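What follows is one structure encoded as structure tokens, with my remarks underneath.
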Amino acid sequence: MMQIEKVSIEISVLVGRSSLPMHQLLRMGRGAVIPLSASPSDPVWILANNHPIARGDIQLDDDRITVAITGPADVHDFFAGP
């Protein structure tokens, strides 16, 4: 087995973002709702070790949520924020 096959990479899916004042964040507790700058049909960001690598669409397959990769990520768009 090649050494590269042993490397683990954390994959994350970013659905949306939000900016909150610190005082509001500190007041949040169980059941708090954080509004996101996204709608259900918006593409999501796919991150590898917290670095954007692709864009995708959320899909519901029976009782599972999946992400279909739709294209590469534009790093400049990612860091531009919401």
Give me the residue from the range 12-33 that is part of a strand (DSSP E or B) and without any contact (Cβ under 8 Å) to a residue 40 or more places away in the chain and, out of that set, farthest from residue 55 (Cα to Cα). 12
Yes/no for residue 36 being surrounded by 10 or more Cβ atoms within 10 Å (Cβ to Cβ) and outside any loop (DSSP other than H, G, I, E, B): no
The number of residues in the range 58-82 that are surrounded by 10 or more Cβ atoms within 10 Å (Cβ to Cβ), in a loop (DSSP other than H, G, I, E, B) and without any contact (Cβ under 8 Å) to a residue 24 or more places away in the chain is 1
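Read-outs throughout are calculated quantities, based only on the coordinates presented, and are distinct from any laboratory measurement. Note that this is a predicted model, so its numbers are computed, not measured. Here the Cβ is made from the backbone with ideal geometry for all residues, glycine too, and neighbour counts use every protein chain on show.
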